[in-house]
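K.L.:
A single structure is presented below for examination.
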Amino acid sequence: MIMADQPQKQPDKDAQERRMMREAALRMAFTSEARQRLANVRMVRPDLANAVEEYVMQLASSGKLKSAVDDDQVKQMLATLQGRKRDITIRRA
């Protein structure tokens, strides 16, 4: 019975280790203000926050990330990834 549980726990452990390594890399890649902004964005748009994180991870892995990403750079990334906002106007008759 213990042998049957062992194979199931190994992938979970590997996934947890990868997640911890990713979080550590992201902590080094972002300034504290940038991490706070991403946390706020994640509450409203988790897909957008994940896209920014993936983009920064790609930059870091390719060696194009020279310093930590600051808050202004995160704002620019969010604006680029979010695309054009729709303007909604309400006209009253």
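The values are calculated or read from the model by the stated rules, or taken from the named source; none is laboratory data. Being a predicted model, the structure only gives us computed values, none of them experimental. Cβ atoms come from the backbone with ideal geometry, glycine included; neighbour counts cover every protein chain shown.
K.L.:
Return the residues of segment 66-76 that are in a helix (DSSP H, G or I) and either touching a residue at least 24 places away in the same chain (Cβ under 8 Å) or surrounded by 15 or more Cβ atoms within 10 Å (Cβ to Cβ) (or both); say none if nothing qualifies. Let's see the steps before the verdict.
P.N.:
Step one: filter segment 66-76 for residues in a helix (DSSP H, G or I), giving 71-76.
Within segment 66-76, Asp71, Gln73, Val74, Lys75 meet the criteria.
K.L.:
Residues in segment 51-65 that are in a helix (DSSP H, G or I), more than 12 Å from the chain's Cα centre (by Cα) and surrounded by 11 or more Cβ atoms within 10 Å (Cβ to Cβ): how many?
P.N.:
Residues of segment 51-65 in a helix (DSSP H, G or I): 51-62.
Next, only the ones that are more than 12 Å from the chain's Cα centre (by Cα) stay: 59-62.
Now restrict to residues that are surrounded by 11 or more Cβ atoms within 10 Å (Cβ to Cβ): 59-60.
So the count comes out to 2.
K.L.:
What single numbered condition from (1) at pLDDT below 85; (2) not in a helix (DSSP H, G or I) fails to hold for Ala15?
P.N.:
(2)
K.L.:
Now, a different point. Considering segment 25-50 alone, what residues qualify as being within 20 Å of Gly83 (Cα to Cα), among the basic types (Lys, Arg) and assigned to a helix (DSSP H, G or I)?
P.N.:
Once the filter is applied, which keeps residues that are within 20 Å of Gly83 (Cα to Cα), among the basic types (Lys, Arg) and assigned to a helix (DSSP H, G or I), segment 25-50 yields Arg37, Arg42.
K.L.:
Looking at Leu48, Leu26, which one is of a type outside the set (D, E, K, R), surrounded by 12 or more Cβ atoms within 10 Å (Cβ to Cβ) and modelled with pLDDT of 90 or more?
P.N.:
On the way: Leu26 fails: modelled with pLDDT of 90 or more.
Every option except Leu48 fails the conditions.
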